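The structure appears below as structure tokens.
The values are calculated or read from the model by the stated rules, or taken from the named source; none is laboratory data. Keep in mind that what you see is a predicted model, and the values were worked out from it rather than measured. Virtual Cβ from ideal backbone geometry, glycine too; neighbours counted across all protein chains shown.
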Amino acid sequence: MTDVRLLDSESTQSSLDAPVSTAKVSEVCCPPEGKYGEVTSEFLDKLRKVSELEVSVDEDSLQSCARDKSYHLPHRPTAVLHPSSTSAVSGALALCYEYRIPVATRGAGTGLEGGAILAKGLQGVVLSTEELKTIDFDETSMSCWVGAGVRKTQLNKYLNKLGCCFQCDPGSDASIGGQASTGASGTTSVRYGTFKENVVSLTVVTPSGEVIENTRRLVRKNSTGLDLTRLYLGSEGSLGVITKVCVKVTRQPKVIAGGIICFPSVEKAVDAVLEISKSNIPDLSRGELMTGAAVRQGNAFFGCKYTELPSLCFECHCSDFKAADRACCEVMDIAKTCGGTDIRATDNKDALDTLWTLRRGAFYSTKNTRRGEKGISVFVSDACVPLVNLPKVITETENIYQSIFHNVDTLCIVAHIFDGNFHAMIPTKEDEVDKIEEFSDRLADIVLEAGGSVSGEHGVGLGKARYVEREFGTSGIKVMQQVKEALDPRGIMNPGKSYYMSSKL
């Protein structure tokens with residue numbers, strides 16, 4: 001690298017006038033009584049006869065699937081199903097369909113919106129995909145069929161041995177099926193796109209147990225019929241169960257370089273990102289914003305000494321050192337003209353790992369702001385707005401937080417800034433659920449008014465069902481409900497979530 005200082009851990013159709021529904025999660029996400037059957041001993045006995053399916057009803061198993069990483073209160077299923085093949089999923093769903101038993105599909109349990117938790121009041125089962133762990137890599141097509149239960153790090157451990165990698169990079173070690181079901185993304189979307197753009201095809205089991213082996217044939221072009229792949233991606237287990245995902249694979253970059261750039265304000269950081277985007281730097285692969293408060297919290301938790309100002313963390317994946325030098329310098333030169341200061345970059349792996357630990361560890365550094373208190377968890381919001389509106393939305397988010405929690409210093413905001421996708425992280429306790437829901441409602445107001453989406457990558461789940469109709473309008477939600485009714489006429493798949501509001505199902 002040239003002309004840069006080394007970076008290390010010691011360096012310094014919606015109706016927008018209509019208010020968001022004030023209904024609580026518990027009121028919105030509670031399907032009507034009398035619609036579903038009971039989990040009887042007869043039903044469980046039939047499940048136990050399905051080949052390659054384990055059925056757990058012990059208390060430890062039920063409690064382990066009662067919640068995810070969200071703030072939502074736990075709700076125990078009546079049984080947990082562990083299929084180890086697509087055929088086992090088929091057999092399990094066929095019985096659930098016959099007996100009208102609600103099913104919530106669960107991967108690694110890292111979701112942040114309650115998507116894998118049964119809705120309040122439901123007696124049903126959780127179908128765990130953890131044992132669906134096949135990996136079948138095809139180097140010729142640079143694609144890989146992956147079982148839904150395979151985690152991000154497991155897949156890349158396998159691919160890295162072959163000099164390859166899967167570049168979708170959510171913050172948690174999510175399962176591949178979970179990423180497909182929520183339409184996940186992460187820090188690398190600036191170059192590689194979201195999870196949806198990295199999927200070639202799916203294997204899906206329908207609510208009645210039928211198997212779609214390939215939602216799309218593995219060819220470069222296909223204009224035949226409806227795009228079933230896109231239909232199931234992001235559907236959060238509401239239309240069927242994804243058991244395998246065929247993903248695009250890339251070669252590992254030969255050189256990785258990156259750095260951090262400080263700005264006097266979020267506005268200046270966004271100005272720089274807009275200019276960098278216009279320059280179309282092909283090797284730019286990561287671009288993350290941390291507010292000054294987020295950096296300060298990270299310094300306190302990880303023992304670092306980064307400058308506590310709004311900061312752009314970036315990374316370039318390159319073919320050689322010359323290309324890395326060129327790409328990093330181009331990013332830094334543009335940033336400097338937009339007010340960037342304390343500009344540093346490196347190709348040192350340890351230094352870059354320290355930087356990305358700071359960014360990836362925002363969840364834990366946020367929790368640390370209330371160290372000493374018992375029962376602290378972290379609420380993580382997820383929204384996406386047009387990039388030009390991001391500074392205003394972040395300021396308004398901080399103001400809302402201060403008015404509700406009266407301590408803005410404990411709020412952490414980070415963003416996949418090139419996408420306009422940001423997360424507000426709040427340390428919270430179970431007795432503060434009403435405050436969290438007020439914050440979520442008011443945040444949805446400002447996001448929708450800014451032309452944004454209430455979820456950029458975490459999905460809808462329990463937490464955001466009451467916002468979907470406002471984002472898509474009455475006609476949009478009606479179409480979604482008609483699709484749901486056509487594909488899941490008995491409404492057993494993850495009921496009480498996503499587009500449930502006003503549903504007649």
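Numbers at a glance
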| item | result |
| --- | --- |
| Candidates Asp350, Asp325, filtered to the one that is surrounded by 20 or more Cβ atoms within 10 Å (Cβ to Cβ), among the acidic types (Asp, Glu) and farther than 19 Å from His416 by Cα | Asp325 |
| Residues that are assigned to a helix (DSSP H, G or I) and touching a strand residue (DSSP E or B) at 6+ places or on another chain (Cβ under 9 Å), drawn from the stretch 476-497 | Lys484, Leu487 |
| The stretch 118-160, residues that are hydroxyl-bearing (Ser, Thr, Tyr), closer than 21 Å to Gly461 by Cα and assigned to a loop (DSSP other than H, G, I, E, B) | Thr129 |
| Test for Leu162: is it among the hydrophobic types (A, V, I, L, M, F, W, C), surrounded by fewer than 24 Cβ atoms within 10 Å (Cβ to Cβ) and at pLDDT 95 or above | yes |
| Subset of the stretch 108-129 [under 19 Å from Pro207 (Cα atoms) and crowded, with 19+ Cβ neighbours inside 10 Å] | Gly115, Ala116, Ile117, Leu118, Ala119, Leu122, Gly124, Val125, Val126, Leu127, Ser128, Thr129 |
| Members of the stretch 51-81 that are touching a helix residue (DSSP H, G or I) at 6+ places or on another chain (Cβ under 8 Å), part of a loop (DSSP other than H, G, I, E, B) and farther than 28 Å from Phe363 by Cβ | Ser51, Glu52, Val57, Thr78 |
| Some residue of the stretch 239-262 being in contact with a Gly (Cβ under 6 Å, 6 or more places away or on another chain) and assigned to a loop (DSSP other than H, G, I, E, B) | yes |
| Single unsatisfied condition, Ile492 versus (1) touching an Asp or Glu at 6+ places or on another chain (Cβ under 9 Å); (2) under 24 Å from Thr105 (Cβ atoms); (3) among the β-branched types (Val, Ile, Thr) | (1) |
| The stretch 460-475: number of residues that are part of a helix (DSSP H, G or I), surrounded by 15 or more Cβ atoms within 10 Å (Cβ to Cβ) and not aliphatic (A, V, I, L, M) | 6 |
| Of all residues in the stretch 174-205 being assigned to a loop (DSSP other than H, G, I, E, B) and of a type in the set (A, V, I, L, M), the one that is surrounded by the fewest Cβ atoms within 10 Å (Cβ to Cβ) | Ala174 |
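Per-residue answers, yes or no, for (1) among the small types (Gly, Ala, Ser); (2) assigned by TED's automatic domain parsing to the domain that holds Val447:
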| residue | (1), (2) |
| --- | --- |
| Thr337 | no, no |
| Ala351 | yes, no |
| Asn399 | no, yes |
| Phe405 | no, yes |
| Phe422 | no, yes |
